[in-house]
Amino acid sequence: MIRLDKFLSQAGVASRRQLREIIRAGAVRIDGVCVTDYAYKFDETACTVTVNGETVREAGTLVVMMNKPAGYITATEDARKATVMELLPPELQGRQLKPIGRLDKETEGLLLFTNDGDLLHRIVSPRHAVEKEYYAEHEGVVTAEDIAQFAGGMLLRDGTRCRPAKLESIGLGKSLITVSEGRYHQVRRMMSARGMFVTYLRRVREGPLRLGELGLGQVRVLSPEEVCLLADRQNNEKNCME
């Protein structure tokens, strides 16, 4: 037996808070019967659930990692441009997956997808400050002042105040940048503000997860243990193994 709001959240319909409004509005039916109690418990293996007439087919948290290639936008659909959804293999199509955050069209690397609305909102929420690490190739040389500016929280030309970040030089024109927020083109803008134009950018880590050896354009489903780590439940080993 599972609570209705939890079932719909795990299916990626919306966050738990948003779902309560959807359920109270009478948009959800179980085996054709309207249910307005978000705490209602039912057997998800024996019932058919619809939201606004559309069947919810999947339950259970699913998280997928992709090594995104350049040339694709992070969107669920677009009439003119290729989206990252087109890179998902057939067996993952229709699983109600949504990108967690975004990478710009020319940026490669680690991009996560999930059908769990609560997990999605937790990771993208600035309140949780999930770290994201990038490998960058760029013009110019990193100086001690650049590192200090990143560490102190940069003020961009348009008035945007960025949280403290880490800048580490790993060779001539090559750096690792770690940020804890996801502002529009943030890494490129921060580097540009210090006179370092980025020519190549790849995300290599998000939270505890690293891209590793995953090939460009390839995807893999995260293990339950990895999902627990991502959800910041690593200190509760029992929950992670259930």
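Figures for the structure shown
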{"quantity": "Sequence-separation-based contact order of the chain, relative, with Cα cut under 8 Å and 6+ spacing, percent", "calculated": "20"}
{"quantity": "Accessible area expressed per residue, the range 82-177, with surrounding protein chains retained (probe 1.4 Å, Å²)", "calculated": "49"}
{"quantity": "Ellipticity estimate at 222 nm from DSSP helix runs (n ≥ 4, -39,500 (n - 2.57)) divided over the chain, nearest 500", "calculated": "-5500 deg cm²/dmol"}
{"quantity": "Computed accessible area, Phe42, all protein chains, 1.4 angstrom probe, square angstrom", "calculated": "10"}
{"quantity": "Among 29-35, 127-133, the order from most to least packed when residues are scored by Cβ within 10 Å on average", "calculated": "127-133, 29-35"}
{"quantity": "Cα-centred dipole magnitude for the range 43-87, charges only on beta-carbon of K, R (+1) and D, E (-1), debye, nearest 20", "calculated": "320"}
{"quantity": "Carbon plus sulfur fraction of accessible area for the range 32-189, probe 1.4 Å, in percent", "calculated": "48"}
{"quantity": "Largest-first principal axis extents, alpha carbons of the chain, Å", "calculated": "64, 37, 34"}
{"quantity": "Only Lys, Arg (+1) and Asp, Glu (-1) charged, at Cβ; the chain dipole about Cα centre in debye", "calculated": "620"}
{"quantity": "Within the range 201-228: backbone nitrogen closer than 13 Å to the Ala82 label point (7 Å, Cα to C-beta)", "calculated": "217-218"}
{"quantity": "Residue among Leu111, Cys162, Ala79 farthest towards the positive dipole end of the chain, charges placed on Cβ", "calculated": "Cys162"}
{"quantity": "Protection proxy ranking, peptides 198-206, 168-176, average beta carbon neighbours within 10 Å, highest first", "calculated": "198-206, 168-176"}
{"quantity": "Nearby lysines by direct alpha-carbon distance to Lys132 (threshold 19 angstrom, same-chain neighbours under 8 apart not counted)", "calculated": "Lys68, Lys98, Lys105, Lys166, Lys174"}
{"quantity": "The range 47-119 - Rg over Rh from alpha carbon coordinates, Kirkwood radius", "calculated": "1.00"}
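The values are calculated or read from the model by the stated rules, or taken from the named source; none is laboratory data. Note that the structure is predicted; figures quoted are calculated from it, not measured. No Cβ is skipped: glycine too gets one built from the backbone with ideal geometry, and neighbour counts run over all protein chains shown. Quick note on the areas: whole protein, heavy atoms, side chains included, nothing else; ligands and nucleic acids left out. Shrake-Rupley method; radii C 1.70, N 1.55, O 1.52, S 1.80 Å.
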